[in-house]
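Take a look at the structure below.
The values are calculated or read from the model by the stated rules, or taken from the named source; none is laboratory data. These numbers come from a predicted model, not from an experiment. Cβ placement follows ideal geometry from the backbone for every residue including glycine, while neighbour counts extend to all protein chains displayed.
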Amino acid sequence: MHFIYESLHAALNLILSGDHELFSAILTSLSVSTWSIVCASVLGIPIGVAIGILRFPLKRVVITLLNTLMALPTVVVGLVVYRMISRQGPLGSWQLLFTPSAIVIGQTVLAIPIVAHYTLNAVLGGDSRILPTALTLGAGYLRSIVQLLHEVRFGIIASVIAGFGRVIAEVGVAMMLGGNIKGYTRTMTTAIALETSKGEFAFGLALGLILMVLALSVNLFLNFLQQR
């Protein structure tokens, strides 16, 4: 118990003192996670809306596949993206491996199914009369979709928040594609794994506390949006 108390005290000191290495990992995590969720939203929201409003064969199969992709293992995503951007891969000339951009790519792939799934649920849970009513009143198809998105905006925002919660706590993709380079690609989760393995429990605990606060904030905001 004394060991836990000392570690917690040291962790709080690191946070309050503004430790450079600590906050470097925090800023890197926030940066790559923000870019990842922006990219995932740009791709995932239209996918969710399209699946929700269009009628096409095997729609149930597509929805089932989307639900399955939400549980996509991070190591699988890491392996596939690693192969694509490694020197021998088709994107090897871009020199993306072990850069923040590589982490963004991997986390975007992880977040797209989550954003699309929540968006799909929001569209399906909205009033089914919105789109045909807007079309009947003379609105164009694009404007009718915009009106639909406005009506289910809280569900769509919830999809973005859920996706952000997924990527901010991700470790497998960040480790495989970023390389855990100090001051460059080291995120909170990869730093926790490294420092704990080195016996620097206080440093890992400090990052863990901040990560928990972020995760709690994201979930509280998500619950608020779901209630709305």
Legend entry - residue 66 at pLDDT 85 or above, farther than 24 Å from residue 169 by Cα and surrounded by 15 or more Cβ atoms within 10 Å (Cβ to Cβ): no
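Conditions (1) in contact with a His (Cβ under 6 Å, 6 or more places away or on another chain); (2) of a type in the set (A, V, I, L, M); (3) modelled with pLDDT of 90 or more, marked per residue:
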residue	(1), (2), (3)
131	no, yes, no
179	no, no, yes
196	no, no, no
213	no, yes, no
219	no, no, no
Inset, instruction - Please verify whether segment 179-191 includes one or more residues that are without any contact (Cβ under 8 Å) to a residue 24 or more places away in the chain, charged (D, E, K, R), crowded, with 20+ Cβ neighbours inside 10 Å and under 24 Å from residue 11 (Cα atoms). - result: no
Inset, instruction - Inspect all residues belonging to segment 200-211 and state whether any of them is touching a Gly at 6+ places or on another chain (Cβ under 6 Å) and either surrounded by 21 or more Cβ atoms within 10 Å (Cβ to Cβ) or more than 27 Å from residue 5 (Cα to Cα) (or both). - result: no
Legend entry - Where residue 78 falls short, out of the listed (1) surrounded by 14 or more Cβ atoms within 10 Å (Cβ to Cβ); (2) free of Cβ contacts under 8 Å to residues at least 24 places away in the same chain; (3) not hydrophobic (A, V, I, L, M, F, W, C): (2)
Legend entry - Residue among 53, 37, 47, 63 that is touching a Lys or Arg at 6+ places or on another chain (Cβ under 9 Å) and closer than 23 Å to residue 149 by Cβ: 37
Inset, instruction - Among the helices (runs of 4 or more DSSP H) lying completely within segment 97-194, list those that include at least 2 residues that are polar (S, T, N, Q) and more than 15 Å from residue 49 (Cβ to Cβ). - result: 100-125, 130-136
Inset, instruction - Only residues that are assigned to a loop (DSSP other than H, G, I, E, B) and of a type in the set (A, V, I, L, M): list them for segment 64-96, please. - result: 70, 71, 72, 91, 96
Inset, instruction - Take segment 99-122 and flag every residue that is farther than 17 Å from residue 157 by Cβ, touching a residue at least 12 places away in the same chain (Cβ under 8 Å) and of a type in the set (Gly, Ala, Ser). - result: 102, 106
Inset, instruction - Please verify whether segment 47-55 includes one or more residues that are surrounded by 14 or more Cβ atoms within 10 Å (Cβ to Cβ) and either without any contact (Cβ under 8 Å) to a residue 60 or more places away in the chain or of a type in the set (Asp, Glu) (or both). - result: yes
Legend entry - Residue count for segment 159-188, restricted to those that are in contact with a helix residue (DSSP H, G or I) (Cβ under 9 Å, 6 or more places away or on another chain), farther than 14 Å from residue 35 by Cα and aliphatic (A, V, I, L, M): 8
Inset, instruction - Please work out if residue 125 is surrounded by fewer than 16 Cβ atoms within 10 Å (Cβ to Cβ), under 30 Å from residue 36 (Cβ atoms) and at pLDDT below 90. - result: yes
